[in-house]
Amino acid sequence: MNTKRLAALLAAGAVSVAGLPFVAVSPAAAELACTAAVNVFGVEPDGRMFVYPHNEPETGVASWGAKHYIGSGWNGGTTYAAPGGYIHHITTGNRQHRRYQWTGSGWASFGGGQYQDLGVVDPSTRPLVDEQGRFYKQDDRRFFVSSWDDQGRLTADEVPLSPAVRPNVITSGSSAFFARADGDLYRYRFDFENNRWLTIGERIGAGFGVFKRLISAGGGVLYGVANDPAGTLVWYRYDDQKREWANNGIGKVVGSGWGALAEVTASGCAAPDQQSNPLPGPRGERPRLVYNPATRTFEAAWVNNSGELLYGKENPQDPTAITWTALTGYQNHTGAVSALRDGGTGRLLLSAPSQDGRGRMYVQQPDGSFGSGTGIGGRFTVGPVLTSAFANDVAVYGIDDRGMVYNAKRGSDTSSPWFPAAQRLGQDTTIGLASGPTAVTRTATGELEVRRPPFTTYDPPVPVRGLRVVGTPHITQGENGPSRLIARDENGKLWTSEEKPYLTGPGFGPWTDISGGLTFTGTVDTAFSFGPRKTEIVARTTDGTVVRRQITDWAVPPAWIPIGTSAVDPVIAVANLQVGKAVLLVDGSGQAKLVRIPYQS
């Protein structure tokens with residue numbers, strides 16, 4: 001958008017957001033909560049401050065209340081409006097961080113003083129204040145937040161949220177930001193309740209270089225002071241939930257005379273929180289089985305139909321029996337459990353989806369017991385999935401109800417924010433482990449798409465065509481190196497497809513039927529044994545029979561061997577030559593059984 005075009009649009013009373021990366025039109029924006037009017041504060045060049053209420057921040061109608069001058073001497077620093085009438089002011093020179101409060105009729109008093117002293121702030125850290133009153137700073141490496149209560153007591157001290165974001169950032173909601181770069185506008189949004197970034201650097205508009213100043217009143221309400229002789233003030237509003245601009249992306253002129261001011265800041269609106277639906281309760285969920293080399297025994301985990309997360313330990317008197325213990329704390333889990341042993345400490349880590357969507361992790365203690373679980377943030381329909389762990393440094397992935405893939409690092413007593421690792425891969429996506437975390441998405445046609453980190457939208461998925469898949473596909477590292485998919489079709493047949501060798505380019509080969517005349521349900525599980533390397537595979541037929549195979553040549557697989565029955569999908573773990581292998585079966589009452597198999601069998 002050039003200046004000449006801006007002038008023409010201003011004359012017409014509307015400014016269009018050029019270059020938007022979408023064309024959807026919102027007939028009505030999501031409900032916006034604003035005070036009776038947004039207080040827009042301006043600082044004249046001589047230091048006088050005024051408050052000017054904009055009566056229609058929701059719609060952008062040019063309706064204003066009375067303009068009042070409320071102070072002087074404000075040109076000696078930088079000013080930021082906050083909710084509740086609070087005004088943050090960073091003084092020039094000594095960099096003192098002062099917080100004032102405008103009550104609507106006068107200035108509040110704090111112990112006889114005019115302001116609260118909140119410390120010292122370097123203006124070069126580009127401070128920001130959001131609609132909840134959180135105070136942000138950033139340098140070349142970090143973006144972090146602090147907050148204070150009404151008495152001025154520090155409640156959060158420079159909590160790191162991420163590496164540095166783009167320069168020229170302004171807040172525009174509760175932990176939501178616009179960032180302008182070369183005239184383009186980008187969106188950032190953080191979810192404090194779930195310790196996750198909802199949006200990072202999403203380009204939502206262009207042409208904003210024509211404004212000499214951009215300010216926000218919260219809730220996605222944005223004001224631009226045009227770089228024109230009239231100092232025109234233009235209103236916009238962005239809806240995060242719909243990812244659309246109000247008024248079809250056309251700005252509305254709401255005033256003039258704003259160009260000569262030393263500062264402009266505003267506050268008064270708040271966007272509605274994003275709501276997530278609870279997950280359905282558990283129903284025949286898949287367990288997990290791992291080998292403990294320290295005790296030379298197998299351990300298991302499972303979410304039963306009551307929502308309890310159970311830890312299972314091999315009975316020392318009966319190596320075919322598993323004894324379940326319900327973990328304490330949260331009791332409404334659902335979905336498949338994730339279990340991983342920390343390669344440094346040897347402790348078992350457990351995580352399972354929660355019906356409230358919150359991420360939780362359980363860490364085995366030195367005596368083998370588990371605590372009540374630790375909240376690790378996030379809000380997921382799939383996961384958290386534990387993908388690697390060493391010396392309390394744990395990598396975790398999860399998928400939310402938008403199909404967004406997230407990842408985080410979990411320490412022994414801290415958890416980094418969750419970062420989007422992929423933009424909306426689809427709600428029917430699962431995370432598997434095949435030479436690292438791998439996302440497998442089932443498309444609307446039932447065919448599959450495979451992605452690997454960093455899961456960026458710039459890297460196209462690897463399509464796997466030719467089979468209409470039902471249920472959850474399984475991906476594993478093939479015995480010869482390339483990954484291998486195993487999936488079930490609508491007729492209950494099992495099929496496999498091997499990834500092409502790296503030098504031939506990305507892709508998977510044709511699907512091969514490995515059903516052997518049986519009809520299957522659920523999802524398979526695999527493991528490896530060596531000497532030579534072989535794939536161990538277990539599956540469940542439609543009558544509940546569990547069968548296994550040991551495959552060295554997928555072109556000529558051996559016959560399926562029945563090994564028992566199970567009410568849930570079977571899982572397998574391989575120990576060593578002395579201990580062998582084990583398959584976990586669970587009956588309809590929740591009783592577990594280990595089928596022990598010699599290593600070479």
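The values are calculated or read from the model by the stated rules, or taken from the named source; none is laboratory data. Remember, predicted model here, so these are calculated numbers, not experimental data. We place every Cβ from the backbone using ideal geometry, glycine too, and count neighbours over all the protein chains shown. Accessible surface areas use protein heavy atoms only, side chains included; no ligands, DNA or RNA. Shrake-Rupley method; radii C 1.70, N 1.55, O 1.52, S 1.80 Å.
Across the range 426-444, the qualifying residues are those that are among the aliphatic types (A, V, I, L, M) and out of contact with any Pro (no Cβ under 8 Å at 6 or more places or on another chain), and the one among them that is modelled with the lowest pLDDT is A434. Kindly establish whether T374 is closer than 30 Å to A444 by Cβ and open to solvent by 20 Å² or more (accessible area, probe 1.4 Å). Against the criterion (closer than 30 Å to A444 by Cβ and open to solvent by 20 Å² or more (accessible area, probe 1.4 Å)), T374 does not qualify.
Take the residues of the range 337-346 that are in a loop (DSSP other than H, G, I, E, B) and either polar (S, T, N, Q) or open to solvent by 50 Å² or more (accessible area, probe 1.4 Å) (or both): which is nearest to G284 (Cα to Cα)? My answer is G343. Look at V210 and say whether it is of a type outside the set (S, T, Y) and at pLDDT below 85. Answer is no for this residue. Across the range 264-306, the number of residues qualifying as more than 24 Å from G344 (Cα to Cα) and surrounded by fewer than 18 Cβ atoms within 10 Å (Cβ to Cβ) comes to 13. Tell me, please, whether a residue that is in a strand (DSSP E or B), of a type in the set (D, E, K, R) and within 26 Å of G220 (Cα to Cα) can be found in the range 112-122. No.
Being exposed (fewer than 13 other Cβ atoms within 10 Å of the Cβ), of a type outside the set (A, V, I, L, M) and in a strand (DSSP E or B) is the filter here, so list the residues in the range 130-157 that pass it. Matches in the range 130-157: T155, D157. One residue alone among S109, S162 is of a type in the set (S, T, Y) and open to solvent by less than 20 Å² (accessible area, probe 1.4 Å), and that residue is S162. Counting only strands (runs of 3 or more DSSP E) that sit wholly inside the range 519-601, those with at least 3 residues that are out of contact with any helix residue (DSSP H, G or I) (no Cβ under 6 Å at 6 or more places or on another chain) and of a type in the set (S, T, Y) are 520-529.
Residue count for the range 308-329 satisfying the condition of being outside any strand (DSSP E or B) and either open to solvent by 50 Å² or more (accessible area, probe 1.4 Å) or out of contact with any Gly (no Cβ under 6 Å at 6 or more places or on another chain) (or both): 5. Listed by first and then second residue, the pairs with beta-carbon distance under 7 Å, at least 6 apart or on different chains, first residue in the range 244-272 and free of Cβ contacts under 8 Å to residues at least 60 places away in the same chain, second aliphatic (A, V, I, L, M) and part of a loop (DSSP other than H, G, I, E, B), are S256/A230.
In the range 526-556, the qualifying residues are those that are among the acidic types (D, E) and modelled with pLDDT under 95, and the one that is nearest to A434 (Cα to Cα) is E536.
Do we find a residue being touching an Asp or Glu at 6+ places or on another chain (Cβ under 7 Å), open to solvent by less than 50 Å² (accessible area, probe 1.4 Å) and modelled with pLDDT of 95 or more anywhere in the range 47-66? Yes, the range 47-66 contains at least one residue that is touching an Asp or Glu at 6+ places or on another chain (Cβ under 7 Å), open to solvent by less than 50 Å² (accessible area, probe 1.4 Å) and modelled with pLDDT of 95 or more.
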